[in-house]
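The values are calculated or read from the model by the stated rules, or taken from the named source; none is laboratory data. For clarity, every value in this text was computed on a predicted model and none was experimentally measured. Quick reminder, even Gly has a Cβ in these numbers, built from the backbone with ideal geometry, and neighbours come from all protein chains shown. The protein model used for the area step is the full one, side chains on, heavy atoms only, and it has no ligands, DNA or RNA in it. Shrake-Rupley method; radii C 1.70, N 1.55, O 1.52, S 1.80 Å.
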Amino acid sequence: MITQEAFIKQVKRMLGTMQGDQRHQMLVRDYNQVTPYPRGYPVKLTDDWCDIFVTVMGDRAGMSHAIGRECSVKRHVDWFRHHGIWIGRATPRMGDIVTFDWNGDQWPDHIGIVTAVEKNMITTIEGNAAGAVRERQYSLNAGVIYGYARPNYLADPSNTLIQAILDGRWGNGDERIQRLERAGYNYAAVQDAVNAVIAHPPLFMIAKTAKRWATGEWLANWVKGQTFSVKQTRYNQGQREYLLMNGTVPLGWIKATDGQIKV
């Protein structure tokens, strides 16, 4: 779990990132390291990257489960609505996700992160703001604001950060230490959590009412109601899925909604 304050602290470290520089290249690289890709599309350095910025900030904070992963603002808004965190034009709070409609055509085409709300003004940090990560301010009633999403920062991340480390997405050795500490984590505490998961992997009980694996195949009756170890977690079009193991044998990918994690 992460607080709004800790998330904003990480986001502010990205201020000054310019399109094409090393930090922008790392954003694109980190986005493309999480598969399957939203819409099946690996992004390029030349693509618009406001939503890539928001997505990767969520990834790095272990908040993908609460923020979602997208490269399309409109589709990200659809994800917010589907997951019940879309609040529209309600008064925002620090940590909310803000979307913009520059043309007034009711189509959201830009996205950022609310870092402060004071009186009748909001402060945001946005990627791809004139080709950089910049801080901006708007009045609360600015016509260009399309609406807000409010992530649940206290939601169970289901070891999102830990799984990303196990998948090698934070590097190894000194690289991992440096990247975690730059992102605001206590490396020793995170590594202890990783070691604990390796020693005692999480368990998932398949619901008796579940019908199919995430890949579409029918579930065998014998696995329903049974508990298996989780080897890996991924997000498929914003939906969390687990790779289950029967001992050392992979069983398949199951949707998180088709059962529950057992402590």
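Tabulated results
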quantity	calculated
The chain, helix-only ellipticity at 222 nm - DSSP H runs n ≥ 4, -39,500 (n - 2.57), divided by all residues, nearest 500	-8000 deg cm²/dmol
Identified option (computed percent of Cα pairs over 33 Å apart; candidates (i) 33; (ii) 41; (iii) 23)	(iii)
Sites matching trypsin sites (Lys or Arg not before Pro) across segment 82-182 that sit in DSSP coil, with at most 13 neighbouring C-beta atoms within 10 Å	Arg89, Lys119
Probe 1.4 Å, protein heavy atoms only - accessible area per residue of the chain in square angstrom	49 Å²
Per principal axis, descending, Cα span of segment 1-131 in whole Å	37, 32, 29
Ranking by accessible area, most exposed first, for Trp170, Trp107 with a 1.4 Å probe	Trp107, Trp170
Cβ charges +1 (Lys, Arg) and -1 (Asp, Glu), total dipole of the chain, debye	540 debye
Farthest toward positive dipole pole in the chain [+1 Lys/Arg, -1 Asp/Glu at C-beta], among Leu166, Ile145, His110	Leu166
Partner lysines for Lys224 [C-alpha distance under 23 Å; skip if fewer than 8 residues away on the same chain]	Lys208, Lys211, Lys255, Lys262
Between 0 and 90°, nearest 10: helix 50-60 axis offset from the chain longest Cα axis	40 degrees
Helix axis angle, 187-199 relative to the chain longest principal axis, alpha carbon, degrees	30 degrees
Local electrostatic count, Gln178, Cβ distance below 15 Å [Lys/Arg +1, Asp/Glu -1]	+3
Rounded percent of accessible protein surface that carbon and sulfur make up, the chain, 1.4 Å probe	50 percent
Sequence-separation-based contact order of segment 32-148, relative, with Cα cut under 8 Å and 6+ spacing, percent	24 percent
Folded to 0 to 90 degrees: helix 73-82 orientation relative to the chain principal axis, Cα	50 degrees
